[in-house]
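Read the structure below first, then the notes.
The values are calculated or read from the model by the stated rules, or taken from the named source; none is laboratory data. Keep in mind the model is a prediction, meaning the values are calculated, not measured. As a convention, Cβ positions derive from the backbone with ideal geometry for all residues, glycine included, and neighbour counts pool all protein chains shown.
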Ligand SMILES: [Zn+2]
Ligand SMILES: [Zn+2]
């Protein structure tokens, strides 16, 4: 089978590899669609922290936002999976430690992450082997494109829920990339009034086409009471700015990662009676995301700018826009 492999920083090949065989407890999936995200770009450039912490190493095959159909099951796996369209949890906990037992396998110390950590090959290939326990079945109304948007959606849904906002509340989302826009969509579906903060000079036109009227930059942002602020940016100064902007008694949700540490003054957190939450991974939000997509409560498809082949992934990771790409932030791959 063909697979996209990073061999070193900024070096890659589309290789012909032996097709995976379903091990006991695992399935092999025919991959239909894969999303490329910022984490994959960090592996391409070599900036990803896991490379420096010993959790990941080249050669590696990225791809953790995927959907496909189960082609084969290994020993001990329900054969009823064969032929079903699925997506899979990126986070594969060990299953036995205290965190895993308490339902927090996504922060298991010994976890693998599909296409990211612990030598677990990712989905940028014609076929992918994953544990059956990581699968989530997709209903008919969730096609492969939507299915590959469940993983980023699960992260965003958890961030939106962490704001605890509903009808009549006002949210501010910093950083309208894929995650920021998905957070905004889930907040809107919950009834909140959503504002977006982008970098100065970026066009608000795309966010407007998604129905978000309130798009600002740091100079134009109006002085409004924001009941929650979600930082989905990669700007090191914005976590602190978020604390300045949130209403007393409100909530701060941090899901973005900057390239350097950010500081906040915890005295402000105390004196404003603010709750701050960090979000890593989609795991506890996957099923609810699938339901939101299946019902149409959230439709993330306009975020996909283009769908390319494996041979074009290297150029995409290097920052090139595929020919004819739309305005959305997400590139999909059909391997
Ligand atoms: Zn991702
Ligand atoms: Zn564990």
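Does region 81-116 hold any residues that are within 16 Å of ligand 1 (Cβ to nearest atom) and part of a loop (DSSP other than H, G, I, E, B), and which are they? Working first, answer last.
Applying the first criterion (within 16 Å of ligand 1 (Cβ to nearest atom)) to region 81-116 yields 87-92, 106, 111-116.
Matches in region 81-116: 89, 90, 111, 114, 115, 116.
Out of all the residues in region 117-136, which are at negative phi, more than 18 Å from the chain's Cα centre (by Cα) and away from ligand 1 (no atom under 16 Å from the Cβ)?
Scanning region 117-136 gives 125, 126, 127, 129, 131, 132, 133.
Quick one: in region 117-158, which of the residues that are within 16 Å of ligand 2 (Cβ to nearest atom) and part of a helix (DSSP H, G or I) is nearest to residue 303 (Cα to Cα)?
Here is the first cut: in region 117-158, the ones within 16 Å of ligand 2 (Cβ to nearest atom) are 117-118, 120, 131, 133-134.
This time we only want the ones that are part of a helix (DSSP H, G or I), so: 133-134.
Details: 133: 29, 134: 25 Å.
Only one residue fits best here, namely 134.
Among what's in region 309-335 and is within 17 Å of residue 149 (Cβ to Cβ) and surrounded by 20 or more Cβ atoms within 10 Å (Cβ to Cβ), pick the residue that is nearest to the chain's Cα centre (by Cα).
Here is the first cut: in region 309-335, the ones within 17 Å of residue 149 (Cβ to Cβ) are 316, 325-335.
Keeping just the survivors that are surrounded by 20 or more Cβ atoms within 10 Å (Cβ to Cβ) gives 316, 330-333, 335.
Numbers: 316: 17, 330: 11, 331: 13, 332: 13, 333: 15, 335: 19 Å.
So the residue we want is 330.
Under 9 Å by Cβ, and 6 or more places apart or on different chains, what pairs join a residue from region 100-124 that is under 30 Å from residue 314 (Cα atoms) and without any contact (Cβ under 8 Å) to a residue 60 or more places away in the chain with one that is assigned to a loop (DSSP other than H, G, I, E, B) and near ligand 2 (Cβ under 10 Å from one of its atoms)?
110/93; 110/94; 110/96; 110/97; 111/93; 111/94; 112/93; 112/94
Using beta carbons and a limit of 6 Å, which pairs, at least six apart or on different chains, have the first residue in region 33-49 and closer than 12 Å to residue 315 by Cα and the second one within 12 Å of ligand 1 (Cβ to nearest atom) and at pLDDT 95 or above?
Matching pairs, first to second residue: 36/331.
Being under 19 Å from the mean Cα position of the chain (by Cα) and either in a strand (DSSP E or B) or away from ligand 1 (no atom under 15 Å from the Cβ) (or both) is the requirement here; does residue 52 meet it?
Details: under 19 Å from the mean Cα position of the chain (by Cα): no; either in a strand (DSSP E or B) or away from ligand 1 (no atom under 15 Å from the Cβ) (or both): yes.
Spelling it out, it is not the case that residue 52 is under 19 Å from the mean Cα position of the chain (by Cα) and either in a strand (DSSP E or B) or away from ligand 1 (no atom under 15 Å from the Cβ) (or both).
Condition check ((1) part of a helix (DSSP H, G or I); (2) free of Cβ contacts under 8 Å to residues at least 12 places away in the same chain; (3) surrounded by fewer than 24 Cβ atoms within 10 Å (Cβ to Cβ); (4) in contact with a strand residue (DSSP E or B) (Cβ under 8 Å, 6 or more places away or on another chain)) across all residues:
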site	(1), (2), (3), (4)
167	no, no, yes, no
173	no, no, no, yes
211	no, no, yes, no
224	no, no, yes, yes
234	no, no, yes, no
239	yes, no, yes, yes
242	yes, no, no, yes
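Could you tell me whether residue 288 is modelled with pLDDT of 95 or more, more than 21 Å from the chain's Cα centre (by Cα) and part of a helix (DSSP H, G or I)?
Working: modelled with pLDDT of 95 or more: yes; more than 21 Å from the chain's Cα centre (by Cα): no; part of a helix (DSSP H, G or I): yes.
For residue 288, the condition - modelled with pLDDT of 95 or more, more than 21 Å from the chain's Cα centre (by Cα) and part of a helix (DSSP H, G or I) - is not met.
Would you point out which residue out of 210, 197 is modelled with pLDDT of 95 or more and out of contact with any helix residue (DSSP H, G or I) (no Cβ under 7 Å at 6 or more places or on another chain)?
197
Scan region 87-94 and give yes if some residue there is more than 14 Å from the chain's Cα centre (by Cα), on the phi < 0 side of the Ramachandran plot and crowded, with 19+ Cβ neighbours inside 10 Å, otherwise no. Full working, then the answer.
From region 87-94, those more than 14 Å from the chain's Cα centre (by Cα) are 92-94; that's our starting set.
Those still in the list that are on the phi < 0 side of the Ramachandran plot too: 92-94.
From the residues that got through so far, the ones that are crowded, with 19+ Cβ neighbours inside 10 Å too are 92-93.
Yes, region 87-94 contains a residue that is more than 14 Å from the chain's Cα centre (by Cα), on the phi < 0 side of the Ramachandran plot and crowded, with 19+ Cβ neighbours inside 10 Å.
Condition check: farther than 20 Å from residue 146 by Cα, surrounded by fewer than 19 Cβ atoms within 10 Å (Cβ to Cβ) and over 20 Å from the mean Cα position of the chain (by Cα). Does residue 47 satisfy that?
It is false that residue 47 is farther than 20 Å from residue 146 by Cα, surrounded by fewer than 19 Cβ atoms within 10 Å (Cβ to Cβ) and over 20 Å from the mean Cα position of the chain (by Cα).
Can you tell me which residue is nearest to ligand 1 (Cβ to nearest atom) among those in region 55-78 that are under 18 Å from residue 303 (Cβ atoms) and touching a strand residue (DSSP E or B) at 6+ places or on another chain (Cβ under 6 Å)?
So in region 55-78, the residues under 18 Å from residue 303 (Cβ atoms) come out as 63-67.
Restricting the remaining residues to those that are touching a strand residue (DSSP E or B) at 6+ places or on another chain (Cβ under 6 Å) gives 63, 65-67.
Details: 63: 9, 65: 5, 66: 10, 67: 14 Å.
Per the criteria, the residue is 65.
Tally the residues that are within 16 Å of residue 27 (Cα to Cα) and either assigned to a strand (DSSP E or B) or in contact with a helix residue (DSSP H, G or I) (Cβ under 6 Å, 6 or more places away or on another chain) (or both), restricting the search to region 65-80.
The initial filter retains those residues of region 65-80 that are within 16 Å of residue 27 (Cα to Cα), namely 66-80.
With either assigned to a strand (DSSP E or B) or in contact with a helix residue (DSSP H, G or I) (Cβ under 6 Å, 6 or more places away or on another chain) (or both) added as a condition, the list becomes 66-73, 77.
Total satisfying the criteria: 9.
Scanning region 260-272 for residues that are out of contact with any helix residue (DSSP H, G or I) (no Cβ under 9 Å at 6 or more places or on another chain) and touching a residue at least 24 places away in the same chain (Cβ under 8 Å), which turns out surrounded by the most Cβ atoms within 10 Å (Cβ to Cβ)?
Looking at the filtered set, the residue picked out is 261.
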